[in-house]
Amino acid sequence: MLSQSESRYGTLSITLHWAMFVLMAAVYACIELREFFPRGSDPREALKTWHFMLGLTVFVLVWIRIAIYFFRTRPPISPAPPAWQQRLATIMHVLLLLLMVGMPIGGWLILSAEGHAIPFWGLELPPLVAENESLAHTVEEIHETVGKIGYFLIGLHALAALVHHYMLRDDTLRRMLPRRRGA
């Protein structure tokens, strides 16, 4: 599970990568789909609760990904891309990690400052700050703006993987794909 080859990421890294993708898609879907329901309705409140819980799940899992990043070597891309592409990829990965750490903290701050409970899979997490309507409003604006930037970052990350796979024809994407049965 932890092992990886010279040319592929290990099962844990691959599983976490794709689980984070699914979780991020679900986090975004929940907050977007809530708009189809009237304020205060049960479906809208349920989607918001799922948004919070899934976002905090991303927060927990991203720390495992960060630990793996620092404690495991990454298989090199073959053929090796130019240094400028590697620098851009590093910047992109750092931005995505900051998104996955910062957004859940921002959501937790918003709920705390609004005086709401912070739900997390049957637990109620402690507030990070005292009730403060002004802080809640400010952090919410930042959270929404960064969320929109997140769409761009995630899309650019996916586009870069496809460009590497189909145009540059290197193994950037293949290193992170699950193994095919029998392969």
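Values in this text are rule-based calculations from the coordinates and carry no lab data. Model, not experiment: these values are computed from the prediction. Cβ atoms come from the backbone with ideal geometry, glycine included; neighbour counts cover every protein chain shown.
Calculated translational diffusion coefficient of segment 82-162 (20 °C, 1.002 mPa s; Stokes-Einstein with Kirkwood radius over alpha-carbon pairs) equals 150 µm²/s. Under 5 Å from the amide H of I118 lie the amide H atoms of L125, each residue being 5 or more positions distant or on a separate chain, with H modelled from the backbone and absent for Pro and chain starts. Placing R0 at 41 angstrom, the Cβ-Cβ distance between A117 and R74 gives a FRET efficiency of 0.55 after rounding to 0.05.
May I ask you to order 36-46, 132-142 by the average number of other C-beta atoms within 10 Å around their residues, highest value first? Don't skip to the end; give the middle numbers.
Numbers: 36-46: 11.0, 132-142: 14.5.
Result, highest mean first: 132-142, 36-46.
Past the 23 angstrom mark, what percentage of all C-alpha to C-alpha distances in segment 39-128 do you count? Roughly 41 percent, rounded to a whole number.
Can you give the relative contact order of segment 1-147 as a percent, counting alpha carbon pairs under 8 Å and 6+ residues apart? After rounding, I find 20 percent.
Beyond 22 Å, how much of the Cα-Cα pair distribution for segment 1-88 remains, as a whole percent?
Of all Cα-Cα pairs in segment 1-88, 47 percent lie more than 22 Å apart.
Every helix of 4 or more DSSP H residues in the chain counts as -39500 (n - 2.57), and over all residues that averages to -22500 deg cm²/dmol at 222 nm. Using a simple spin-label model with pseudo-atoms 7 Å out from Cα toward Cβ, R87 and I66 lie 2.5 nm apart. Between P82, P127, P104, where does the largest GNM mean-square fluctuation fall for the chain, given springs only between Cα atoms within less than 10 Å? Largest GNM mean-square fluctuation: P82. In this rough spin-label picture, where each label sits 7 Å from Cα along the Cβ direction, the R169-A130 distance is 6.5 nm. Take H17, project a point 7 Å from its Cα along the Cβ direction, then tell me which residues of segment 134-153 have their backbone nitrogen under 19 Å from it. So the set is 153.
To one decimal place, what orientation-averaged projected area in nm² is obtained for the convex hull of the Cα set of segment 55-106?
4.0
Each Lys or Arg adds one and each Asp or Glu takes one away; over the other residues whose Cβ falls under 12 Å from the Cβ of R174, this sums to +3. Comparing W18, W84, W50 in a Gaussian network model of the chain (Cα springs below 10 Å), the most mobile by mean-square fluctuation is W84. Placing R0 at 22 angstrom, the Cβ-Cβ distance between F36 and T138 gives a FRET efficiency of 0.20 after rounding to 0.05.
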